[in-house]
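Have a look at the structure below, then the notes.
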Amino acid sequence: MKQMTVIPFLILAVSASLQAQSVAEEIARAVMAAPPALTAEAGVVRLADDGSHEVLRESSNGLVCYDRSNEPGRDFSAQCTNVGNLLRAGQNHKVRMSSANAEEANAMFTSQENDGSREPPEFGSVWYTLNGTDQESASSNSAHITIAVPFSTSDTLGLPSEGSYSQSGSWIMEAGTSAAHIMIPGR
């Protein structure tokens, strides 16, 4: 009879240990996108399919990171941005999780943009994204950095609206929309 009471306790202890380990691993994956100087104090959230989030680690520096690897069409993807952009990040995640493919997601984003329901990001906020075929292949070489400038245009910012990663200098993408952002080549 005593073994019966010990075994459930052991199962619960092992289960709690595995869950803690997986949360620690999720935190480690998410903060891979953060600049090294910001990693230790960055918050981490787990995005739900409905766009809500669960806090895994509080932010003490205003940066929040999350793992996007479960989104359709992604292998490994982690992203970090300002805590104030969580509504935008959640909305993006909800659209991608409910879409069959990138075309469908883009159509939904366009519809939200047109009807005014697209959540704008904080002006001037930085988005750090790290992508790869798996966690091991993701490196600073695949880092993507943008600065949100919602509704800005080439005229308002004085930046070109076209560019490439092979050229030096930054440019604005998706000008005039809530998704307008400055592309920063390299890391």
| query | Of the residues 183, 173, which single one is open to solvent by 50 Å² or more (accessible area, probe 1.4 Å), at pLDDT 85 or above and on the phi < 0 side of the Ramachandran plot? | reply | 173
| message | Looking for something more than 16 Å from the chain's Cα centre (by Cα), of a type outside the set (A, V, I, L, M) and part of a loop (DSSP other than H, G, I, E, B) - is there at least one such residue anywhere in the range 74-93? | response | no
| task | Return yes or no: is residue 55 crowded, with 23+ Cβ neighbours inside 10 Å and over 20 Å from residue 124 (Cα atoms)? | result | no
| task | Select from the range 24-48 the residues that are open to solvent by 70 Å² or more (accessible area, probe 1.4 Å) and at pLDDT below 95 and list them in ascending order. | result | 25, 36
| request: Find the residue count for the range 26-73, including only residues that are under 11 Å from the mean Cα position of the chain (by Cα) and polar (S, T, N, Q). | output: 1
| field | Flag if residue 132 is under 14 Å from the mean Cα position of the chain (by Cα), farther than 27 Å from residue 157 by Cβ and surrounded by fewer than 20 Cβ atoms within 10 Å (Cβ to Cβ) | value | yes
| note | Within the range 140-152, of all residues that are modelled with pLDDT under 95 and not in a helix (DSSP H, G or I), the one most open to solvent (accessible area, probe 1.4 Å) is 144
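The values are calculated or read from the model by the stated rules, or taken from the named source; none is laboratory data. Predicted, not measured: the structure shown is a model, and the values here were computed from it. Every residue, glycine as well, gets a Cβ built from its backbone with ideal geometry; the counts of neighbours run over all protein chains shown. Areas reflect the complete protein model, heavy atoms only, side chains present, ligands, DNA and RNA absent. Shrake-Rupley method; radii C 1.70, N 1.55, O 1.52, S 1.80 Å.
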